[in-house]
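Remarks on the structure that follows.
The values are calculated or read from the model by the stated rules, or taken from the named source; none is laboratory data. The model shown is predicted, which means the values in this text are computed figures rather than measured ones. Virtual Cβ from ideal backbone geometry, glycine too; neighbours counted across all protein chains shown.
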Amino acid sequence: MATKNFFTSSVGRKIIVGLTGLFLISFLVVHLLINSFILVDLVNPNDNGATFNEAAHFMSHNWLIRVVEIGLFAGLIAHIAMTVKLTIENKKKRPVQYAVFDGKANSKWYARSMAILGSILLMFLAVHLSQFWWPTKEALYITHADENSFEMVKATLTNPINLAIYVVGVVALGYHLLHGFQSAFQSLGLNHKKYTPIIKTIGTVFAIAVPAGFAFIALSVFLGLVQ
Amino acid sequence: MLDSKIPQGDIDKKWTEYKGHVKLVNPANKRKLEVIVVGTGLAGASAAATLGELGYRVKTFCFQDSPRRAHSIAAQGGINAAKNYQNDGDSVYRLFYDTVKGGDYRSREANVHRLAEVSANIIDQCVAQGVPFAREYGGYLDNRSFGGVQVKRTFYAAGQTGQQLLLGAYSALERQVALGNVKQYTRHEMLEVVIIDGKARGIITRDLVSGKLERFFGHAVVLATGGYGNVFYLSTNAMGSNVTAAWKAHKKGAFFANPCYTQIHPTCIPVSGDHQSKLTLMSESLRNDGRIWVPKKKDETRKPNDIPEEERDYYLERRYPSFGNLVPRDVASRAAKERCDAGYGVGTTKQAVYLDFRYNLINKYGRTEASKHNIENPDEATLVRLGKEVVKEQYGNLFDMYQKITGENPYEVPMRIYPAVHYTMGGLWVDYELMTSVKGLYALGECNFSDHGANRLGASALMQGLADGYFVIPYTIGNYLADEISVKPIPTSAPEFEAAEKEVSGRINKLMSIKGSKSVESFHKRLGKIMWEKCGMARNAQGLQEAIQEIKALREEFWNDVRIPGEINEYNPELDKAGRVADFMELGELLCLDALTRNESCGGHFREEYQTEEGEANRDDQSFQHVAAWELKNVGDWTLHKEALVYENIKIAARSYK
Amino acid sequence: MEHYNMNLTLKVWRQKNTKEKGHFETYNVKGISSEMSFLEMFDVLNEDLVHENKEPIAFDHDCREGICGMCSMYINGRPHGPWNATTTCQLHMRAFKDGETITVEPWRAQAFPVIKDLVVDRSAFDRIIQAGGYISVNTGVTVDANATPISKVNADKAFSTAACIGCGACVAACKNSSAMLFTSAKISQLALLPQGEPERHKRALDMVHQMDEEGFGSCTNTGACEAVCPKEITLESIARMNREFLSASVVSED
């Protein structure tokens, strides 16, 4: 591969953004699946978070997952680094701004606001990781305590401020995905009269369903539907 | 007197013989020879690219911001070529014959035959460049038919053929720029030819951004600067299209031939008001499927769709049953004018006729589609719907353009159209080698007078521009340059360059110093009005004499009262326009003089005094079977030179499309 | 269609040359007919300015039939104004109402420096084409035009991208000032035709490289370019360019 050309070129970099984006999207599916175990309590009131705890334990202890986790962070960092760099560069490409800019006439607001949505997501992620990810790592490597993930989730999400942050985060995620999902395919060169409408439909469903799923679980916890 | 240097021999051998014996320049020597190409439309871009490929050092100049903007880009309908892909009896001879006949027997046989010979190569060349011509489902090239012929030989790319061909030539040119063989100057306008010892050796240009005058040397100078239709103010030409380069050459000794041959295109969107800045063409290809009519009743007030069939006068089908709506442009234009003058015109101004697609939409396309889809006894609404889809594919962009300009939907109501100035057959006189009467100064494309006689057939302008640029000039210029290899590049500090630049700056200073009260635009409009009313579709001696006096007076007024804001050394479009309009006002006089001198009607030149009882053009072969080439002594003082036209391969006849 | 006259307020960007700073000037125009084109309305204004001994507004325009790509006004926050699939010269005044205020700006992008008022320098586009927007065939070395059949579908697709007029509206509309729609239109046209095959990899790499060199931004797939393109060139061509570029990068030996 013409490495120099590829990684410094505008097209090459957007392909990387697309690829890492899709990789992160695939993680969301896994994440939602694990979270959904919280809801087992709805059908089986005696579960008390046991299924979820088991899954969470697997995720934090399995060596393969731990390797993949490093890859995930690498992908996340690459995605952020590329987009931050591109955003800064792109800003400079128009030294004098338009006095009147009718953005809505030509594109969707969330497509133009990926950087803002992404920044919100990043901030949310910082909070989110400190609330849920760091404690498991702390338990694993430092305190060697037996963590109860379900209790930790309950303790955090029953606090209305935390819930609000969580909801804002998943809404931002939804809009980010609404553009990002189909955009990733476009960046990789997949645009086809027959398949693109399908991709777009799947993308829209995904962008609504996945964040809605996260939010539903969080609300269930907040409202005490799962104990 | 005028030596057109036509090679001896049979007409179908002349070009081959010429190429076989023409002098050549060896590749090492080509590197030492510099060629200036002014204008980068089809002719200029194709010439510059080809000369660059051959190894000459080429410089190109255009006033636009890129060669890709040249007005060739606006040609819609197509390009002719004698390929006979349709197996309908086409041949080189037939294209040659149709072109000479279409030109009303006022073009040079040898040139036209050469044009027909190379036409097929043009299509090959363009396809190789990636020009996306329309194709049939089998993957082979499609053709459509055009006016004045009975075969289908027109290649096309929707209604944007000129664009696709120009972008092909442009890309070939840009490739040579990238390879370093061509240096490209944009936003530069040529304002003088530099002649040293009787040969064209360079040009003076003005950088339109900085206003700076610059000097450029070339062993030869090629002009490909288009036509002069904007002398009429309103025309289908681009706003910037002008005669300046050709006119400067004329003033430096190049003869101007047949200026009165102007083509009025029959199907343009009519003028809507005083604000009108230009006119828009609706491609001739529309006459394939549109029927032209006016109401049979004068001062008809009903809407077109409410007028029943039997109360419509399809006057072209009535007058010319064998060619019908596909008569040549000059014939169609005059017929429209005749109906409107007689009081049958339509629309608010009564200066328009209908171009109606409904009949073919239903009967030609609708029924075919219906039978394709196995729809039995379709009702009219179904036929219209089906037909619309086909028409949309063929002419969609033109219909959209019509709707944007007029606000009316041409799928529903007939288009209103009227003739407008479109093309100028006249131009700088050139010999068989495309050299003007100044040595080393060439003229290609619409800028010369050579191939179309008194009337150009549709889809032949693109053919001529590319023939001249790709296939003619690369050979003929070598014949001249072969003797120039010992000439070292002349430094632009030479006194002749100095003097030429001084002439240009003197004129610019004079224009700027007038500081009068009227805008350049207002003078251009007034010139156009004189030209259109007295030297337009129909001309007569009295009107032409008046026009000449009026133009002289207008010129006088211009040089005393024009107001040009801004400065010389900056981007100043008003100043650019002033120079161009000043030249138009000189050309206008010559155009009228030529029209006045040619006491006959032929092609695009119609003198009211010379018509048959049925109102058809009355040609006078006895007295006027010649090219009128004008030599300028002073503005207002021209000498006429004649080049006799000899027809050895075509039997001259009255031109009939009945 | 009902004709009407209108009075308008125009806020127009004036800038003496590339170096000096620009500013807005406000003008009132009266008695504008709904039948006029947008540029004819500017003609009227410029005539008034000449009569008042002021400098008329410089703007690019030439064919005035929507095909040369020269006209380039940014009207009320949108390149070429409110109508879709339309160039400035084809925009007609019936798109506006009596009493409206219209703001007119030049294309704004680092790669399109302002020359004067509303005129910008788009020579970057020529240089992108010079980098590879052609098929390397000399005049004369050709085979019969019908020797290679090309599927109608591909020929039509190639045509629809070749229809690009190089106006730069895509760059003007893009929040990143990206020229990907322009560049990809040419890459797509030539990639869709068998004649373009031998150079397709080199072309994709070279043209993208030149596009970046010229200082255009990168694409974030907002689709603003296709929304304003007067010739309705779609994002499909950008996707094709991405594909061409990716495969060219993989096989390239550099």
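Before moving on, here are some points about what is shown:
- Listed by first and then second residue, the pairs with beta-carbon distance under 6 Å, at least 6 apart or on different chains, first residue in the range B:628-648 and free of Cβ contacts under 8 Å to residues at least 40 places away in the same chain, second of a type outside the set (A, V, I, L, M, F, W, C), are B:T639/B:E631; B:A644/B:H626.
- Selection within the range B:220-246 - within 13 Å of B:C62 (Cα to Cα), outside any helix (DSSP H, G or I) and among the polar types (S, T, N, Q): B:T225, B:S241, B:N242
- Criterion (assigned to a strand (DSSP E or B), closer than 19 Å to B:Q403 by Cβ and touching a Ser or Thr at 6+ places or on another chain (Cβ under 8 Å)) met by exactly one of B:L286, B:L355: B:L355
- The range B:150-166 - residue that is touching a Lys or Arg at 6+ places or on another chain (Cβ under 8 Å) and among the aliphatic types (A, V, I, L, M) and, of those, nearest to the other protein chains (Cβ to nearest Cβ): B:L166
- The range C:75-109, subset outside any loop (DSSP other than H, G, I, E, B) and closer than 23 Å to B:I73 by Cα, residue farthest from the other protein chains (Cβ to nearest Cβ): C:T88
- Qualifying positions in the range A:100-121 - more than 7 Å from chain C (Cβ to nearest Cβ) and within 20 Å of C:P82 (Cα to Cα): A:G103, A:K104, A:K108, A:W109
- Filter pass, C:I187 being in a helix (DSSP H, G or I), modelled with pLDDT of 95 or more, among the aliphatic types (A, V, I, L, M) and crowded, with 24+ Cβ neighbours inside 10 Å: yes
Yes or no, residue by residue, for (1) within 30 Å of B:R339 (Cβ to Cβ); (2) surrounded by 22 or more Cβ atoms within 10 Å (Cβ to Cβ); (3) among the aliphatic types (A, V, I, L, M):
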residue: B:G566; (1), (2), (3): no, no, no
residue: B:G604; (1), (2), (3): yes, yes, no
residue: B:N618; (1), (2), (3): yes, no, no
residue: B:E631; (1), (2), (3): no, no, no
residue: B:E643; (1), (2), (3): no, no, no
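- Residue in the range B:252-263 that is surrounded by fewer than 24 Cβ atoms within 10 Å (Cβ to Cβ) and within 24 Å of the chain's Cα centre (by Cα) present: yes
- Filtered residues of the range B:129-149 (kept if within 28 Å of C:V141 (Cβ to Cβ) and either more than 7 Å from chain C (Cβ to nearest Cβ) or buried (at least 24 other Cβ atoms within 10 Å of the Cβ) (or both)): B:Q129, B:G130, B:V131, B:P132, B:F133, B:A134, B:D142, B:N143
- Looking across the range A:61-81 at every residue that is within 18 Å of the chain's Cα centre (by Cα) and touching a residue at least 60 places away in the same chain (Cβ under 8 Å), the one that is farthest from A:F124 (Cα to Cα) is identified as A:A78.
- Qualifying residue in the range A:32-42 (condition: surrounded by 14 or more Cβ atoms within 10 Å (Cβ to Cβ), away from chain C (no Cβ under 14 Å) and small (G, A, S)): yes
- Where a residue in the range B:432-447 is among the polar types (S, T, N, Q) and its partner, wherever it lies, is not in a loop (DSSP other than H, G, I, E, B), with Cβ under 6 Å and at least six apart: B:T436/B:L428; B:T436/B:A443
- Only one of C:T87, C:T101 that is in contact (Cβ under 8 Å) with a residue 40 or more places away in the chain and either out of contact with any strand residue (DSSP E or B) (no Cβ under 8 Å at 6 or more places or on another chain) or crowded, with 17+ Cβ neighbours inside 10 Å (or both): C:T87
- Assessment of the range A:151-172 against the conditions (closer than 30 Å to C:S249 by Cβ and of a type in the set (F, W, Y)) yields no matching residue.
- Scanning the range A:93-117 for residues that are assigned to a helix (DSSP H, G or I) and either of a type in the set (A, V, I, L, M, F, W, C) or touching a helix residue (DSSP H, G or I) at 6+ places or on another chain (Cβ under 7 Å) (or both) gives A:G103, A:A105, A:W109, A:Y110, A:A111, A:R112, A:M114, A:A115, A:I116, A:L117.
- Filter result (in a loop (DSSP other than H, G, I, E, B), away from every other protein chain (no Cβ under 14 Å) and either in contact (Cβ under 8 Å) with a residue 60 or more places away in the chain or among the aromatic types (F, W, Y) (or both)) within the range B:180-203: B:G198
- Being touching a residue at least 60 places away in the same chain (Cβ under 8 Å), over 30 Å from C:D206 (Cα atoms) and not acidic (D, E) is a condition met by no residue of the range A:4-22.
- Residue identified as among the acidic types (D, E) and either assigned to a helix (DSSP H, G or I) or at the interface with chain A (Cβ under 7 Å from one of its Cβ atoms) (or both) among C:E232, C:E199: C:E199
- Remark: B:D98 matches the filter, which requires a residue to be crowded, with 24+ Cβ neighbours inside 10 Å and of a type in the set (D, E).
- Every residue from the range C:104-113 that is within 16 Å of C:L45 (Cα to Cα) and surrounded by fewer than 21 Cβ atoms within 10 Å (Cβ to Cβ): none
- Residue count for the range C:115-131, restricted to those that are part of a loop (DSSP other than H, G, I, E, B) and more than 8 Å from every other protein chain (Cβ to nearest Cβ): 2
- Looking only at the range B:28-84, residues that are part of a strand (DSSP E or B) and more than 13 Å from chain C (Cβ to nearest Cβ) come to 10 in all.
- Which listed residue is modelled with pLDDT of 95 or more, aliphatic (A, V, I, L, M), part of a strand (DSSP E or B) and in the same structural domain as C:M73 (by TED's automatic domain parsing), from C:V50, C:V44, C:V29: C:V29
- When we screen B:G345, B:G366 for residues that are touching a helix residue (DSSP H, G or I) at 6+ places or on another chain (Cβ under 8 Å), part of a loop (DSSP other than H, G, I, E, B) and buried (at least 19 other Cβ atoms within 10 Å of the Cβ), the only hit is B:G345.
- Of all the listed residues (A:G75, A:G21), the sole one being within 14 Å of another protein chain (Cβ to nearest Cβ), farther than 23 Å from A:L219 by Cα and surrounded by 17 or more Cβ atoms within 10 Å (Cβ to Cβ) is A:G21.
- Within the option set A:I120, A:I199, being of a type outside the set (G, A, S), within 13 Å of the chain's Cα centre (by Cα), in a helix (DSSP H, G or I) and modelled with pLDDT of 95 or more holds for one residue only, A:I120.
- Here C:S34 passes the criteria (1) touching a residue at least 12 places away in the same chain (Cβ under 8 Å); (2) within 7 Å of another protein chain (Cβ to nearest Cβ); (3) more than 21 Å from C:G168 (Cα to Cα) except the one numbered (2).
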